[in-house]
Amino acid sequence: MKNNNIAISIEQQFGEIIDIILQHKTNASRAVNEELLLTAWHVGGYVSAKLKSEEWGSKVVTQLSEYIRSQRPDIKGYSKRSIYNMVMFYDVYSSETFIATIRQYLNTEFVQPKTAQIEASDHKQEVPVIVQPKTAQFVQPTVGQMPKILELTTLTNHIEILCRCKSDEERLFYILYANKEHLVKRELQRCISNQTYTGLLGNKDNMSKGLLERYPNAPVMFKDTLFVDFLNLPKKHSETKLRNGLIEHMKQFILELGKDFIFMDQEYRLNIGASTFKADLLFFHRGLQALVAVELKKTKFHPRDLGQLEFYLEALDRDVKRSNENPSIGIILCPEADRVVVEYAMSRSMSPTMIAEYKRILIPQERMQQQLNEFCNLFLNKD
């Protein structure tokens, strides 16, 4: 027994060492990312000033790229296009409108206290240099300094966001979402293509009273529109074909749902009395610490579908849920849903349920701003 305790103690100590290693690796990655961002910021700011003053033109930017390549072939990533991307990075994110958007949605209690100067060509030009106090938050007090929030994701992701997003609100959302979901470039591209911004921040009449009361953050954690284009499903398909396709492409489907979802099983058996029922897909949500049952429908949502799902949730809570877990959540995934029918069905349902479609939905801009505000509040209040 004593030897076993010693072995466990040593294993715990080894685990602590691994935690130390991982923490410093994370810190190193953040430091590298920060320097890459600052480099792009300062290069972009320098070139931007030259272009705006008409001291430089497109031809000079080409010459700059060729000069760097010939004089310092070891320095990579400074093609003409890359330099213009850095100019865009600086111009958009230093703009008054983007700074105002950050101030509108995020905490501005802590700011960067000062700037510095560097010399540019034959004259001195003020170029912002970021000072990095530990208390710094997301926004700086004057236009021209790099907003702290930009450090939340990579330069590659920022260029993707800048090139493909039309509004400052949308850019802000994807910066936060890329950080929250730890998205790499390819995953971010898919999220933008599939309009995660509108799907996640859209109208939430598709959520039951029970879901909103038990999980108040659900509106900014669950999408109302999912895309399964990776399945190449024909217009007419069975629920079995849909389920098998999702199982086969679970990695892509998890990206659609959100990376907090952990897949547990398909056709999960629920033995109730003398009968056996099967939940199509069963997940566990790490953030909410709750089981999530997904029921697949090949036809338009019908209120009777909700009764079946609520029955499954009752069985999960009674027979499967552990004492330290929260009430189970149910999602009906269907190709189409009448919004009025959904609103009627959801209005009195006290089970934590929602309806999701795999279909594009246009969201009013004012509703998007309200939901973005809720998303930012969730981001600021995270542990």
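The values are calculated or read from the model by the stated rules, or taken from the named source; none is laboratory data. Bear in mind the structure is a predicted one, so any value in this text is a computation, not a measurement. Every residue, glycine among them, receives a Cβ derived from its backbone with ideal geometry; neighbour counts consider all protein chains shown. All accessible areas refer to the heavy atoms of the entire protein, side chains included, with ligands and DNA or RNA removed. Shrake-Rupley method; radii C 1.70, N 1.55, O 1.52, S 1.80 Å.
Among the residues here, ASN179 does not qualify as among the polar types (S, T, N, Q), surrounded by fewer than 17 Cβ atoms within 10 Å (Cβ to Cβ), without any contact (Cβ under 8 Å) to a residue 24 or more places away in the chain and in a helix (DSSP H, G or I).
Looking at segment 142-158 only, could you name the residues that are open to solvent by 30 Å² or more (accessible area, probe 1.4 Å) and of a type in the set (Val, Ile, Thr)? Answer for segment 142-158, where residues must be open to solvent by 30 Å² or more (accessible area, probe 1.4 Å) and of a type in the set (Val, Ile, Thr): THR142, VAL143, THR154, THR156. In segment 211-234, the residues that are within 12 Å of ILE329 (Cβ to Cβ) and free of Cβ contacts under 8 Å to residues at least 24 places away in the same chain form Cβ pairs under 8 Å with partners that are of a type in the set (A, V, I, L, M, F, W, C) and in a helix (DSSP H, G or I), at six or more places apart or across chains, as follows: LEU212/ALA218.
Scanning segment 329-353 for residues that are over 25 Å from LEU282 (Cα atoms), touching a residue at least 40 places away in the same chain (Cβ under 8 Å) and among the hydrophobic types (A, V, I, L, M, F, W, C) turns up just one, VAL341. Residues in segment 151-172 that are in a helix (DSSP H, G or I) and over 20 Å from GLU374 (Cα atoms): GLU151, LEU155, THR156, ASN157, HIS158, ILE159, GLU160, ILE161, LEU162, CYS163, ARG164. Close contacts from segment 236-255, counting a first residue that is without any contact (Cβ under 8 Å) to a residue 12 or more places away in the chain and more than 23 Å from GLU187 (Cβ to Cβ) and a second that is of a type in the set (A, V, I, L, M, F, W, C) and open to solvent by 30 Å² or more (accessible area, probe 1.4 Å), with Cβ to Cβ under 8 Å and a gap of 6+ residues or different chains, come to LYS241/LEU233.
Among the residues making up segment 29-38, those that are out of contact with any helix residue (DSSP H, G or I) (no Cβ under 8 Å at 6 or more places or on another chain) and either open to solvent by less than 70 Å² (accessible area, probe 1.4 Å) or of a type in the set (Phe, Trp, Tyr) (or both) are ALA31, LEU38.
Residues that are basic (Lys, Arg), modelled with pLDDT of 90 or more, in a helix (DSSP H, G or I) and open to solvent by 60 Å² or more (accessible area, probe 1.4 Å) do occur in segment 309-323, at least one of them.
Of all residue pairs spaced 6 or more apart or on separate chains, those with beta-carbon atoms under 8 Å, a first member in segment 16-36 that is under 20 Å from HIS158 (Cα atoms) and of a type outside the set (Val, Ile, Thr) and a second member that is surrounded by 10 or more Cβ atoms within 10 Å (Cβ to Cβ) and modelled with pLDDT of 85 or more are ARG30/GLU151; ASN33/GLU151; ASN33/THR154; ASN33/LEU155; GLU34/GLU151; LEU36/THR154; LEU36/LEU155. The set of residues in segment 324-360 being in a strand (DSSP E or B) and of a type outside the set (A, V, I, L, M, F, W, C) consists of ASN326, PRO327, SER328, GLY330, THR353, GLU357.
Out of everything in segment 325-383 that is of a type in the set (Phe, Trp, Tyr) and within 19 Å of LEU211 (Cβ to Cβ), what residue ends up being modelled with the highest pLDDT? So, considering only residues that are of a type in the set (Phe, Trp, Tyr) and within 19 Å of LEU211 (Cβ to Cβ), the one modelled with the highest pLDDT is TYR344. Inspect all residues belonging to segment 58-80 and state whether any of them is within 30 Å of LEU378 (Cα to Cα), of a type in the set (A, V, I, L, M) and assigned to a helix (DSSP H, G or I). No. Which condition does MET88 not pass, out of (1) open to solvent by 40 Å² or more (accessible area, probe 1.4 Å); (2) without any contact (Cβ under 8 Å) to a residue 40 or more places away in the chain, if it passes all the others? Exception for MET88: condition (2).
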